[in-house]
Amino acid sequence: MRRRSVLIAVPAGLVTLAGCGDSDSSSSKASASPSPSPSSSASTVPPPKLVDGPVPAITAGTKFDEKPTVAKGTGTPSKNLAVKTVIAGGGKAVAEGDFVKVNYLGQIWSTAKVFDNSYDRKTSLVIQLAQGGIIDGWRYGLAGRKVGSRVEMAIPPTWGYGTAGSPQAGIKGTDTLVFVIDIQDSFNAKSSAKGSTVAQSGADLPKVGTNTDGKAPSVTIPKADPPKKLVSNYVLESDGAVVKEAQSILCQFKGVVWSTGKEFESTYTQGRLSQFAIKDMESVVKGLAQGITGKKVGSRIMIVAPADLAYGDTPPSGGAIKKGDTLVFSVDILAAM
């Protein structure tokens, strides 16, 4: 089993389909109990003062996205949050509340003991810079940094794991933490797929808009009977890696009922992205999980899920979805992890 990052606390601002109903209804948040979490005291402290050092030297792996080797800290670390841009990227600036896709390495200032890194897992971390979702040092230290940058931080306990530390990771309540972070990408509620337009030629299938301005694409239902089998087609095709069943995705989506054309849930309406595990979605809307699997990251796809691969005879109560409804989805696959 792949080891989870020690950085993750409780995912914030995640939309799921577990409680699908009308688009103005509140969604269930994904549950998670990763370990360790930031201490409760660490999430209520005032914002830190940002200083540019000291931070330990990076002695090897000095290029962007190379696994770095970081020296042991010398002297007394700052009581403030030390943040240094080691490599300046030319991409968009990251804002608090954004999701970031990063590679990173974390170690303890006083010993240089590495307690976590994504490079060895060969899987980037995708996480939201939101209170309760990540240690505060990251939330404050990465805000304003640009995609393509390598950032090094020295985080005192106040904005790390607090006085409780993280025993599972070998972090004491007095430890200053050192991180090297390569910011590969960032996403927010205005993010869209960015791929090549694919012809939507099937007259009996829905048509999905190809706009990439962050606004909801149109979904036009034909005056025809819905297909009895799953349909999953590209609308915009990217050149990213294909999504695997064992992964989770970050996405924009819009869901529409075939029979009425009524939207039942949308990240665009709610103003926040959705993140879910493909295997978890198998038990909610199987057609959505199957339709995403094997498609390329960065793409927009149109999925038609027949009732037997959606909610069947047991739709969510009180919502737009009725017994036996076929569902149509537009999905922008922003990232997979």
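One table, with the values for the structure above:
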read-out: Any hit, the stretch 75-95, residues being open to solvent by less than 10 Å² (accessible area, probe 1.4 Å) and within 26 Å of Leu334 (Cα to Cα); value: yes
read-out: Qualifying residues in the stretch 168-214 (those that are of a type in the set (Val, Ile, Thr) and not in a loop (DSSP other than H, G, I, E, B)) - the one surrounded by the fewest Cβ atoms within 10 Å (Cβ to Cβ); value: Thr197
read-out: Qualifying residue in the stretch 242-258 (condition: within 16 Å of the chain's Cα centre (by Cα) and over 23 Å from Leu125 (Cα atoms)); value: no
read-out: Scan of the stretch 63-84 for residues that are among the β-branched types (Val, Ile, Thr) and free of Cβ contacts under 8 Å to residues at least 24 places away in the same chain, ordered by number; value: Thr69, Thr74, Thr76
read-out: Subset of the stretch 46-94 that is in contact with a Pro (Cβ under 8 Å, 6 or more places away or on another chain) and aliphatic (A, V, I, L, M) - its residue that is farthest from Ser191 (Cα to Cα); value: Ala71
read-out: Residue within the stretch 277-295 that is of a type in the set (D, E, K, R), open to solvent by 40 Å² or more (accessible area, probe 1.4 Å) and within 23 Å of Thr210 (Cβ to Cβ) present; value: no
read-out: Among (1) modelled with pLDDT under 95; (2) in a helix (DSSP H, G or I); (3) of a type in the set (Gly, Ala, Ser) - the single one Gly287 does not satisfy; value: (1)
read-out: Out of Leu327, Leu309, Leu236, sole residue that is hydrophobic (A, V, I, L, M, F, W, C) and open to solvent by 10 Å² or more (accessible area, probe 1.4 Å); value: Leu309
read-out: Residues of the stretch 105-141 satisfying the condition of being part of a helix (DSSP H, G or I), open to solvent by less than 10 Å² (accessible area, probe 1.4 Å) and either touching a Lys or Arg at 6+ places or on another chain (Cβ under 7 Å) or of a type in the set (D, E, K, R) (or both); value: Asp136
read-out: Selection within the stretch 142-167 - touching a helix residue (DSSP H, G or I) at 6+ places or on another chain (Cβ under 8 Å), assigned to a loop (DSSP other than H, G, I, E, B) and farther than 16 Å from Gly106 by Cβ; value: none
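Conditions tested, residue by residue: (1) under 14 Å from Pro156 (Cα atoms); (2) at pLDDT below 95; (3) open to solvent by less than 30 Å² (accessible area, probe 1.4 Å).
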position	(1), (2), (3)
Ser26	no, yes, no
Pro48	yes, no, yes
Val51	yes, no, no
Ile58	no, no, no
Phe64	no, no, no
Lys67	no, no, no
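The values are calculated or read from the model by the stated rules, or taken from the named source; none is laboratory data. The shown structure was predicted, so the numbers you read here are calculated from the model rather than taken from an experiment. Counting neighbours? That spans all protein chains shown, and the Cβs are built from the backbone with ideal geometry, glycine included. Quick note on the areas: whole protein, heavy atoms, side chains included, nothing else; ligands and nucleic acids left out. Shrake-Rupley method; radii C 1.70, N 1.55, O 1.52, S 1.80 Å.
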